[in-house]
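Step one of this worksheet: look at the structure below.
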Amino acid sequence: WSDFPLEAGNGDDAASERVLVARDGTEHLVETRLNSIRHQDAAAGGFVLVFRDVTKARQAHAALEESEARFRVMADQTPVLLWMCDARRSFVYVNRSWLDFTGRTLAQETNDGWTAGIHPEDFGPQQAAFADAFAKRAPFVLEFRLRRHDGQYRWLLDSGAPRVAGDGGFAGYIGACVDITERKEAA
């Protein structure tokens, strides 16, 4: 324990991490925090050393990062245009297929930037239907035209579903768009 600063005046909230091995041989990542106990004259009169096992928290964090990485790989490999918005109706994610379709960057598409590609005739009805679904927190299916990277407007079938946050509250929507232009033209 020689690496803890126990000199007078030191040791206030000094934290570090170390691996401790339990009697059964399992390793635990432990956060250690050192605080001094001060006398009225502010001199250190003793120290408190707290150990907190952070193994499960780190494992959960690593599992979450792996899950997010899997989702992004899967989402970027699908030919379907995927999107996600927050509870304020701001787009926070679009997949690679969406970016390839529009020819725009993620920064250009997030928030409400994606709406710049909606056909002018479809803009009002699409936004009204989106707002109505949002107000009701209901799944929706919409058809509208979106400008492709070559300037051509393509008909999309957009399906959205409400997302729920970890605390059970409304977190926004997640959706998928499929190009149905050929089907619309054939009809």
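Structure above, values below:
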| read-out | value |
| --- | --- |
| Label-to-label distance, nm, for residues given as residue 78 and residue 50 (7 Å Cα→Cβ offset) | 4.3 |
| Mean projected area (nm²) of the alpha-carbon convex hull when segment 99-148 is viewed from all directions | 3.7 |
| Degrees between helix 55-77 axis and first principal axis of the chain (Cα, 0 to 90, nearest 10) | 20 |
| Structure-derived Rg/Rh (Cα atoms, Kirkwood Rh): which label, when the choices are (i) 0.94; (ii) 1.27; (iii) 0.98 | (ii) |
| In sequence order, calculated HN-Hα J values of segment 96-111 (Karplus, 6.51, -1.76, 1.60; Hz; x Gly/Pro) | 4, 4, 4, 5, 5, 5, 7, x, 10, 8, 4, 4, 6, 8, 6, 6 |
| Distance between modelled label sites at residue 161 and residue 61, nm, 7 Å Cα→Cβ extension | 3.1 |
| Added length on full extension, which subtracts the Cα-Cα distance from 0.36 nm per residue, residue 89 to residue 105 | 3.9 nm |
| Probe 1.4 Å - accessible area at residue 100, Å² to nearest ten | 90 |
| Computed [θ] at 222 nm, helices only, for the chain once each DSSP H run of length n ≥ 4 contributes -39500 (n - 2.57) | -9500 deg cm²/dmol |
| Highest-fluctuation residue, 121, 27, 66 considered, GNM on the chain with Cα pairs under 10 Å | 27 |
| Charge context of residue 76, other residues only, Cβ under 12 angstrom, K/R +1, D/E -1 | +2 |
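The values are calculated or read from the model by the stated rules, or taken from the named source; none is laboratory data. Predicted model only: the values in this text are computed from it and were never measured. Cβ: placed from backbone, ideal geometry, glycine included. Neighbour counts: every protein chain shown. Calculation scope for accessible area: heavy atoms of the full protein, side chains included, ligands and nucleic acids excluded. Shrake-Rupley method; radii C 1.70, N 1.55, O 1.52, S 1.80 Å.
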